[in-house]
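Just below is one structure, and these are the notes that go with it.
The values are calculated or read from the model by the stated rules, or taken from the named source; none is laboratory data. Just so it is clear, the structure is predicted and the values come from calculations on it, not from any experiment. Every residue, glycine among them, receives a Cβ derived from its backbone with ideal geometry; neighbour counts consider all protein chains shown.
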Amino acid sequence: MNYNKFAVIGVGRYGSTIARGLAEKGAQVFAYDINEKKIEKIKDEVSFAVTLDSTEIRALQTQNFVDLDAAVVAIGENFEAAVLTCVHLMDIGVKRVIARASGDHQRLILEKIGVVEIVTPENEVAFVVREKLLNPNIVSFLQLPDDHEIAEIIAPKGCVGRTIDHVGFRNKYEMTLITIKREYDITKNGEDTMEQHIIGVPKSDMVIKEKDTLVVFGAAKSVERFIEINESL
């Protein structure tokens with residue numbers, strides 16, 4: 001995986017679960033929290049853990065955040081601190097900032113300051129966030145027994161322009177393509193806009209387009225292999 005270095009800022013119950021999950025998957029995890037006791041609890045389970053006030057941009061600048069693939073702001077007790085942290089991370093050039101929001105009001109504020117990826121603990125449990133970090137192509141997924149899953153995947157570049165039959169979901173990757181979500185130009189209230197619709201059961205000669213979302217079923221390792229191979233083409 002190219003995405004293997006992550007910072008998790010705020011290692012309470014939610015943030016520490018994300019940090020541990022990433023570390024268990026082999027990622028390098030850098031944990032930060034203003035609370036020294038929380039850092040002590042997790043320091044032996046991640047690559048690096050330090051007590052730090054993330055609302056101070058100078059403190060963040062000492063940590064080489066620009067070398068990381070993403071930073072997760074999982075601060076839950078102090079939303080003002082979370083907002084300031086996000087602003088600082090974007091100012092210093094972090095490639096990808098994912099922030100925690102509790103409710104629509106906080107989500108709106110984060111969107112206004114430019115945060116694109118926002119998670120809510122009520123809707124997105126920590127292992128889902130972990131999978132999205134490790135596999136940026138994954139939009140969402142449903143974990144099933146025996147290490148299987150149904151995943152929504154942004155079509156990897158190696159699939160675009162090829163037919164479903166040519167990609168070989170079942171024979172090559174041991175997965176089933178359930179359906180495809182595709183964007184369409186529509187007019188609503190006199191304005192042109194884009195909407196995503198399910199195309200139904202896809203035919204073998206259908207060509208996969210850029211921005212298609214593929215809904216697949218298979219073993220987690222098969223989904224991961226499919227993404228890796230087709231993103232590297």
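Couple of notes before you dig in:
- Extreme residue, farthest from the chain's Cα centre (by Cα), among residues of the stretch 9-41 that are of a type in the set (V, I, T) and crowded, with 21+ Cβ neighbours inside 10 Å: V11
- Within the stretch 151-169, the only residue that satisfies the criterion of being assigned to a strand (DSSP E or B) and among the charged types (D, E, K, R) is E152.
- Residue in the stretch 121-130 that is assigned to a strand (DSSP E or B), closer than 25 Å to R13 by Cβ, modelled with pLDDT under 90 and of a type outside the set (S, T, Y) present: no
- Against the conditions (1) under 19 Å from E117 (Cβ atoms); (2) in contact with a strand residue (DSSP E or B) (Cβ under 6 Å, 6 or more places away or on another chain); (3) aliphatic (A, V, I, L, M), I42 satisfies every one except (1).
- Within the stretch 215-233, residues that are touching a residue at least 24 places away in the same chain (Cβ under 8 Å) have Cβ atoms under 8 Å from residues that are of a type in the set (S, T, N, Q) and surrounded by 17 or more Cβ atoms within 10 Å (Cβ to Cβ) in these pairs: V223/N135; E224/N135; I227/N135; I227/N137; E231/N137, counting only partners at least 6 apart in sequence or on another chain.
- Evaluation of R20 against (1) of a type in the set (K, R); (2) under 22 Å from P121 (Cα atoms); (3) modelled with pLDDT of 95 or more (one fails), failing number: (3)
- Once the stretch 180-206 is narrowed to residues that are hydrophobic (A, V, I, L, M, F, W, C) and either touching a Lys or Arg at 6+ places or on another chain (Cβ under 7 Å) or modelled with pLDDT under 90 (or both), the residue that is nearest to I153 (Cα to Cα) is I198.
- Matching residues, the stretch 82-105, being part of a loop (DSSP other than H, G, I, E, B), surrounded by fewer than 19 Cβ atoms within 10 Å (Cβ to Cβ) and free of Cβ contacts under 8 Å to residues at least 24 places away in the same chain: G103
- Search result, residues across the stretch 175-200 that are more than 26 Å from A220 (Cα to Cα) and not charged (D, E, K, R): Y184, I186, T187, N189, G190, T193, M194
- For the stretch 66-76, the count of residues that are in a helix (DSSP H, G or I), in contact with a strand residue (DSSP E or B) (Cβ under 6 Å, 6 or more places away or on another chain) and modelled with pLDDT of 95 or more is zero.
- If you go through the stretch 160-200 and pick out every residue that is farther than 24 Å from R130 by Cα, surrounded by 11 or more Cβ atoms within 10 Å (Cβ to Cβ) and not aliphatic (A, V, I, L, M), you end up with 14.
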